[in-house]
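Shown next, in structure tokens, is the structure this report addresses.
The values are calculated or read from the model by the stated rules, or taken from the named source; none is laboratory data. Note that the structure is a prediction, hence the values are computed from the model and not measured. Cβ placement follows ideal geometry from the backbone for every residue including glycine, while neighbour counts extend to all protein chains displayed. Heavy atoms of the whole protein, side chains included, go into the accessibility calculation; ligands, DNA and RNA do not. Shrake-Rupley method; radii C 1.70, N 1.55, O 1.52, S 1.80 Å.
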Amino acid sequence: MINRIRLWATAICLVCFGGSATAQDRPWENFDYPTLNNFDMPSLEIFELDNGIRFYLVEDKELPLIDVNVMVQTGGILVPEQQVGLQSLTGTVMRSGGTREYPGNALNELLEDRAAVMETSIGFSSGSARFNVLADDFDDLLPVFIDLLRNPAFPEERLALAKTQQRSSIARRNDDQGGIAGREFQRLIYGQESPYSRRIEYATLDNISRDDLVAFHERSFVGRNMMIGVTGDFDMANMKARLSDAFSTIPAGDELTLTFPQVDYEFSEGVFLVDKPDVNQSYVLLGHIGGMRDNPDYAALQVMNRVLSGGFSSRLMQVVRSEMGLAYSVFGSYGSGVHFPGTFTAGVMTQSESTAEAISAIVGQIERLQDEAISDEELARTKDQFLNTLVFQYTSIASVLRERMSNDYAGLPPDTFEQLVEEVSAVTVADVQRVAQQYLRPDALRILVVGNAVELGDQLEVFGDVTDVDISIPGN
């Protein structure tokens, strides 16, 4: 962590000024550049209270602000199938409803008067809360933040409003092609009944009461489930004392265990169609199961994916969009999950009449990665771009600290970022072809098309029997 910024500066120099091309090809190498600022990441202090809360503190005197980020070990994976959406409603109403002492509207006014922020949310595999405030107001508003964490009121009217908003989202969920494609592709890969592809329905909302929100909150927001990162303009020793005193009132509770079931996946091809008569273009996703973040080949897979689909210089962009003129947009990713496998996905938006041609072109580029080694120049360019992207993912001390906390939460090493930079730098031409051959299955792709069935005609049948996908909304 301490040398992370210096590592970034070195990486920037390497990716901007290095590579295999000549100086004539890179005229900017003749420019005079100012010396990069030498900046060390301030020291990180980690300590834990008796109630199990783990704190991560980093001083940052640049602005008179203090930023508090809470990670909570909880999530939708704990929610039963008949109550999908419970975690989302809990996170929303926790903040919108405020507390008994500071109801929602009063809390809003208080924060607006102090130019402060308090937010809460709960996703599938974690919960979060954030508190951002001027340093001079920290002592006054910290008790309010702790009150929000511990004593949310969950008023019935705010729950009713949140449910209405969710019902509105359900009613509109088939309006957008991309939204349909992403949702249904998840179900094709993980299975209709998998917790990784569940969705909120009218019926699941009806099964959720205020008591359910209270119970979910009470077992989640306890000391043994909480990690708290604090950055900003403060004195380390003084801040440790303030936090220890304020957060020691939170009960330790019981640590939640998040169990992520294995994905039962068999590689098999298939063609699936969602008929959307009101469009004249197709939104296509094709792919199969991906991998895990702890795979030793992770870096090579990410470099391979960037060759295939990483931006405007990728093969899909250059061939499918620029050379063949088949796509409005073409993209892809090799997903590697922390808790369960991600998905390998390639996608394209194209005119209805060119759908099959665009799919064939994408499959052809996947096969090309397996059959032909990429050039040294293409590898160097791709790695340069990847390193540049990595460098600028973390633009502040707070973002670096959040990454460290996320790594700890996921069970990854503290130096995950540094390891990735080193591993990407070490990827070879042979590595890219090897992982393409080992992990990609162009012979077993599941192809999903969201488009106009009449305009598509029978062109999808060249890839196999077409299965219609029903996206009707239960309860409508």
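The table below lists the values:
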{"quantity": "Residue check, I228 closer than 30 Å to L286 by Cβ and either touching a residue at least 60 places away in the same chain (Cβ under 8 Å) or not in a loop (DSSP other than H, G, I, E, B) (or both)", "calculated": "no"}
{"quantity": "Criterion: open to solvent by 10 Å² or more (accessible area, probe 1.4 Å), closer than 29 Å to E403 by Cβ, touching a residue at least 60 places away in the same chain (Cβ under 8 Å) and out of contact with any Lys or Arg (no Cβ under 7 Å at 6 or more places or on another chain) - qualifying residue of T74, T92", "calculated": "T92"}
{"quantity": "Residue that is farthest from F234 (Cα to Cα), among those in segment 77-89 that are among the aliphatic types (A, V, I, L, M) and surrounded by fewer than 21 Cβ atoms within 10 Å (Cβ to Cβ)", "calculated": "V84"}
{"quantity": "Residue in segment 104-112 that is within 16 Å of Q166 (Cβ to Cβ) and surrounded by fewer than 15 Cβ atoms within 10 Å (Cβ to Cβ) present", "calculated": "no"}
{"quantity": "Matching residues in segment 138-150 - criterion: being open to solvent by 30 Å² or more (accessible area, probe 1.4 Å) and under 21 Å from E112 (Cα atoms)", "calculated": "D139, D140, P143"}
{"quantity": "Search result, residues across segment 315-335 that are in contact with a Phe, Trp or Tyr (Cβ under 9 Å, 6 or more places away or on another chain) and open to solvent by less than 30 Å² (accessible area, probe 1.4 Å)", "calculated": "L316, M317, G332, Y334, G335"}
{"quantity": "Of all residues making up segment 256-286, the number that are within 30 Å of L57 (Cα to Cα) and surrounded by fewer than 13 Cβ atoms within 10 Å (Cβ to Cβ)", "calculated": "2"}
{"quantity": "Qualifying residue in segment 399-414 (condition: more than 21 Å from M226 (Cβ to Cβ), open to solvent by less than 30 Å² (accessible area, probe 1.4 Å) and touching a residue at least 60 places away in the same chain (Cβ under 8 Å))", "calculated": "no"}
{"quantity": "Members of segment 293-309 found to be open to solvent by 20 Å² or more (accessible area, probe 1.4 Å) and either touching a residue at least 40 places away in the same chain (Cβ under 8 Å) or part of a helix (DSSP H, G or I) (or both), listed by number", "calculated": "R293, D294, N295, D297, Y298, Q302, R306"}
{"quantity": "Any chance S248 is at pLDDT 95 or above, surrounded by 14 or more Cβ atoms within 10 Å (Cβ to Cβ) and either among the small types (G, A, S) or within 27 Å of the chain's Cα centre (by Cα) (or both)", "calculated": "no"}
{"quantity": "Matching residues, segment 138-173, being touching a strand residue (DSSP E or B) at 6+ places or on another chain (Cβ under 9 Å) and under 28 Å from R199 (Cβ atoms)", "calculated": "P152, P155, R158"}
{"quantity": "Tabulated pairs, segment 236-262, first more than 28 Å from G75 (Cα to Cα), second among the hydroxyl-bearing types (S, T, Y) and open to solvent by 30 Å² or more (accessible area, probe 1.4 Å), C-beta under 9 angstrom, 6+ apart or interchain", "calculated": "M236/S43"}
{"quantity": "Helices (runs of 4 or more DSSP H) completely within segment 372-463 that count 2 or more residues being over 19 Å from the mean Cα position of the chain (by Cα) and modelled with pLDDT of 95 or more", "calculated": "376-391, 416-426, 429-439, 453-456"}
{"quantity": "A346 being crowded, with 21+ Cβ neighbours inside 10 Å, modelled with pLDDT of 95 or more and closer than 25 Å to S197 by Cβ", "calculated": "yes"}
{"quantity": "Matching residues in segment 53-71 - criterion: being open to solvent by 20 Å² or more (accessible area, probe 1.4 Å) and in a loop (DSSP other than H, G, I, E, B)", "calculated": "D60, K61, E62, L63, P64"}
